[in-house]
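Below you'll find the structure, written out as structure tokens, and then a few comments.
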């Protein structure tokens, strides 16, 4: 291999020029350092055809040999010229050297040692939606299930994509909303009503959607990279962190891996996080999610009739002041469809304004948004509330709770009006 591969953040390529004037191209992407070594997806192309590819530990000779044999067999089908101009042993050597480069030099080529002039004033931290989504950084928005975080994230996406500065100061850009949780028609329905609610009069919201329900983060990022390359200043909204399939959310290494993988996009991102069942004060999982993000936002909500109050508070911020608790509201019509998003007042939602600790009723409702329908015993075990007090709260608030069945088969759910939000 007398040429050096061309490196990019997405991977690297090597064009091997043959004496015939043709080119064999070695390609690698999804390069990552695992506990056992450097892994990558390596493919070999000739005459616009993929000879073969595999994802493996590039330091393993046996795996490289297997790929070399199968790819060279395809290359040899081109005729005698390839057998004489590019012998199998040379082909294998070039693949070995290419993989050696991936393992030893690709990361180094992506890094540089820099110094800064202290006489030069650094640019201030900027936002694409101030003060909640930091430019070229990672923001995590978390709340219990059913609190409205997915709706708020999609509303932000639409607002940014359409340069709507009625509530927040925004810098418009391309936005892609990555949906890992819901069927596509659910997002289509939400987008339809949210776009009207925030003031989009056009036939399109300008938000792109990537629906990959059931897929892990690796294929998601592979699908996103061409979009980010075409729109290098875009915003990626990820719904949600718990669906990325990277590993156990409570594992520090998994959390660090997630942050690194999102950072590898080299663009602005917003991730939606959930909370533990009985504690809404932090993101569910390792503290490394909080540590790795540039901004961590806590969302609290309270429903009153056809209005959902939202309180947003920054609990962690890098290089910027923490945004103070601020109140907003989604207004719904009688059919559960959102009609407006607006600032709210302390008088409307005093509990949210002063962050009072949730009472028994609110804790039970938060849990039922996750469990949907369950027993008094299960509610008590997951909220830490005495079973007798659970039963009392349910009986005292018939407008909020519905009982299904009786006796030992008794279950409890939320009244239908509680399901207008989701996310």
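The values are calculated or read from the model by the stated rules, or taken from the named source; none is laboratory data. The model shown is predicted, which means the values in this text are computed figures rather than measured ones. Every residue, glycine as well, gets a Cβ built from its backbone with ideal geometry; the counts of neighbours run over all protein chains shown.
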>> Looking at residue 78 and the list (1) modelled with pLDDT under 90; (2) surrounded by 21 or more Cβ atoms within 10 Å (Cβ to Cβ), which single condition is not satisfied?
In response: (2)
> Considering segment 98-132 alone, what residues qualify as being closer than 16 Å to residue 4 by Cα and surrounded by 17 or more Cβ atoms within 10 Å (Cβ to Cβ)?
Replying inline: 98, 99, 101, 102, 103, 106
> Which residue, of 247, 214, is surrounded by fewer than 16 Cβ atoms within 10 Å (Cβ to Cβ) and either at pLDDT 90 or above or touching a helix residue (DSSP H, G or I) at 6+ places or on another chain (Cβ under 6 Å) (or both)?
Replying inline: 247
>> Given the criteria within 17 Å of the chain's Cα centre (by Cα) and closer than 30 Å to residue 11 by Cα, does residue 140 qualify?
In response: yes
> Here is a list of conditions, (1) at pLDDT below 95; (2) outside any loop (DSSP other than H, G, I, E, B), and residue 146 meets all of them except one; can you say which number that is?
Replying inline: (2)
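For every residue, the table says whether it meets (1) buried (at least 19 other Cβ atoms within 10 Å of the Cβ); (2) in contact (Cβ under 8 Å) with a residue 40 or more places away in the chain; (3) within 25 Å of residue 333 (Cα to Cα); (4) in the same structural domain as residue 336 (by TED's automatic domain parsing).
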site: 176; (1), (2), (3), (4): yes, yes, no, yes
site: 205; (1), (2), (3), (4): yes, yes, yes, yes
site: 208; (1), (2), (3), (4): no, no, no, yes
site: 232; (1), (2), (3), (4): no, no, no, yes
site: 241; (1), (2), (3), (4): yes, yes, no, yes
>> What's the number of the only condition in (1) part of a loop (DSSP other than H, G, I, E, B); (2) loosely packed, with under 15 Cβ neighbours inside 10 Å; (3) modelled with pLDDT of 90 or more that residue 223 fails to meet?
In response: (1)
> Restricting the search to segment 377-422, which residues are touching a strand residue (DSSP E or B) at 6+ places or on another chain (Cβ under 6 Å), exposed (fewer than 15 other Cβ atoms within 10 Å of the Cβ) and at pLDDT below 85?
Replying inline: 415
> Considering segment 8-23 alone, what residues qualify as being touching a helix residue (DSSP H, G or I) at 6+ places or on another chain (Cβ under 7 Å) and either at pLDDT 90 or above or not assigned by TED's automatic domain parsing to the domain that holds residue 47 (or both)?
Replying inline: 12, 14, 16
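Listed here are the residues, each with its yes/no results for (1) free of Cβ contacts under 8 Å to residues at least 12 places away in the same chain; (2) out of contact with any helix residue (DSSP H, G or I) (no Cβ under 6 Å at 6 or more places or on another chain); (3) closer than 30 Å to residue 297 by Cα.
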site	(1), (2), (3)
338	no, no, yes
341	no, no, yes
348	no, yes, yes
353	no, yes, yes
366	no, yes, yes
374	no, yes, yes
383	no, no, yes
387	yes, no, no
402	no, yes, no
> Considering segment 2-17 alone, what residues qualify as being surrounded by 15 or more Cβ atoms within 10 Å (Cβ to Cβ) and at negative phi?
Replying inline: 5, 7, 10, 12, 13, 14, 16
>> Considering only residues that are within 24 Å of the chain's Cα centre (by Cα) and farther than 16 Å from residue 107 by Cα, which ones fall in segment 19-56?
In response: 55
> Which of (1) over 30 Å from the mean Cα position of the chain (by Cα); (2) within 30 Å of residue 254 (Cβ to Cβ) does residue 77 not meet, given it meets every other one?
Replying inline: (2)
> Where residues in segment 34-59 are touching a helix residue (DSSP H, G or I) at 6+ places or on another chain (Cβ under 6 Å) and under 16 Å from residue 73 (Cα atoms), which of them is surrounded by the fewest Cβ atoms within 10 Å (Cβ to Cβ)?
Replying inline: 54
